[in-house]
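The values are calculated or read from the model by the stated rules, or taken from the named source; none is laboratory data. What you see is a predicted model; the values in this text were computed from it and never measured. Positions of Cβ are backbone-derived with ideal geometry, glycine not excepted, and every protein chain shown enters the neighbour counts. We work out accessible area using only protein heavy atoms, side chains counted, and drop any ligands, DNA or RNA first. Shrake-Rupley method; radii C 1.70, N 1.55, O 1.52, S 1.80 Å.
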Amino acid sequence: MNSGAPPKAFVVGWPIAQSRSPLIHRYWLQKYEIAGSYDAIAVEPDRISAFLAGFGDDGFVGGNVTIPHKTAAFNAADETDDTARFLNAVNTLWREGDRLCGTNTDVCGFLQNLDETAPGWADDPGAATILGAGGAARAVAYGLIGRGFAPVRIVNRTISRAGELAALFGPPATAHSFKELAGLLGDTALLVNATSLGMINHDPLDIDLASLPLDALVTDIVYVPVETGLLAAAARRGNPTVDGLGMLLHQAVPGFQKWFGVRPQVDQRLRARLLADIGAAG
Ligand code: NAP
């Protein structure tokens, strides 16, 4: 470690060009006038273990980990917290002495986005319906069960994956196919899209919201585009909505604080920069 040198952090993935993490962290470095750096590094899957074992030698204090390396990061960490262990995935790494520590900030990013954008959303938790059973759905279900939502319905194209996820959580969670969705929406208080449907260059999410109560909160964790087809349809019929960009921004906060020593604010200028960048891509 080159102590005294400005702290350096990274985001590692394969591919990595799509990552908006450099935009976020460089904005905060500038805002808080911190002499540090944050770079995107593309590392192929067969090189990730070596990269994670040795990044401290290159002067990095830590970094973010994105697809497809989150499980490798979990395996590489000497210490992980309950959230990372439950998700079996690490997206944020930092060094404490010789120890490599890891957590997963998707859960707190998802929850803080709703706390900030829809105050009181979890004061009287009811039934939640989550579309998807991948890594993001797992983080969302973990967060919602922690906030007392019950039942938490996991609806997925591949029903066996929904079943595996529901079994991990036990009773508050149940597994369903999309054929059951209309029946499930009738008493849903919170609807979450955690599939990749609706994302740019992916198939649209084609569901009928007719039976969803008009006061149900609808949120999408897809953020390219920021206003997804689901959010637009929900808003048209009067449901309150929260987009997924805030999750991306809030999940970045704990890492920045670990590496650079300041807890950064998710402010409107940062959100505007991301909106412009996503708009330019779309
Ligand atoms: P993943 O593990 O690959 O899971 C993808 C999910 O989408 C699975 O449930 C999959 O169903 C479903 N799916 C994909 N194509 C489908 C189709 N044609 N029809 C029906 N279902 C389909 O991905 P992930 O990591 O969970 O990420 C999911 C989305 O969340 C991505 O768009 C990602 O960008 C977004 N995300 C956003 C944030 C944020 O900060 N806002 C954070 C994390 C992830 P099957 O199981 O049937 O394949």
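Among residues of the range 146-156 being open to solvent by 50 Å² or more (accessible area, probe 1.4 Å) and assigned to a loop (DSSP other than H, G, I, E, B), the one that is farthest from the ligand (Cβ to nearest atom) is Ala150. Tell me which of these Phe55 doesn't satisfy, since it passes every other one: (1) surrounded by 15 or more Cβ atoms within 10 Å (Cβ to Cβ); (2) within 17 Å of Gly135 (Cβ to Cβ); (3) at pLDDT below 95. Going through (1) surrounded by 15 or more Cβ atoms within 10 Å (Cβ to Cβ); (2) within 17 Å of Gly135 (Cβ to Cβ); (3) at pLDDT below 95 one by one, Phe55 breaks only (2).
Check the range 212-230 and report whether any residue there is among the hydrophobic types (A, V, I, L, M, F, W, C), within 15 Å of the ligand (Cβ to nearest atom) and in a helix (DSSP H, G or I). Break it down stepwise before answering.
So the first thing to find is which residues in the range 212-230 are among the hydrophobic types (A, V, I, L, M, F, W, C), and the list is 212, 214, 216-218, 221-222, 224, 226, 230.
Okay, now just the ones that are also within 15 Å of the ligand (Cβ to nearest atom), so 218, 221-222, 224, 226, 230.
Now narrow it down to the ones that are in a helix (DSSP H, G or I): 230.
Within the range 212-230, one or more residues are among the hydrophobic types (A, V, I, L, M, F, W, C), within 15 Å of the ligand (Cβ to nearest atom) and in a helix (DSSP H, G or I).
Only residues that are open to solvent by 60 Å² or more (accessible area, probe 1.4 Å), of a type in the set (Phe, Trp, Tyr) and under 21 Å from the mean Cα position of the chain (by Cα) were counted in the range 157-186, giving 0. Restricting the range 193-211 to residues that are within 22 Å of Arg20 (Cα to Cα) and open to solvent by less than 50 Å² (accessible area, probe 1.4 Å), the residue that is nearest to the ligand (Cβ to nearest atom) is Thr195.
Scanning the range 114-145 for residues that are assigned to a helix (DSSP H, G or I) and open to solvent by less than 10 Å² (accessible area, probe 1.4 Å) yields Leu114, Ala137, Ala139, Val140, Ala141, Gly143, Leu144.
From the list Val262, Val266, which residue is part of a loop (DSSP other than H, G, I, E, B), in contact with a Phe, Trp or Tyr (Cβ under 7 Å, 6 or more places away or on another chain) and open to solvent by 10 Å² or more (accessible area, probe 1.4 Å)?
On the way: Val266 fails: in contact with a Phe, Trp or Tyr (Cβ under 7 Å, 6 or more places away or on another chain).
Exactly one of Val262, Val266 is part of a loop (DSSP other than H, G, I, E, B), in contact with a Phe, Trp or Tyr (Cβ under 7 Å, 6 or more places away or on another chain) and open to solvent by 10 Å² or more (accessible area, probe 1.4 Å), namely Val262.
Gly102 meets the stated requirement of being buried (at least 23 other Cβ atoms within 10 Å of the Cβ) and not β-branched (Val, Ile, Thr).
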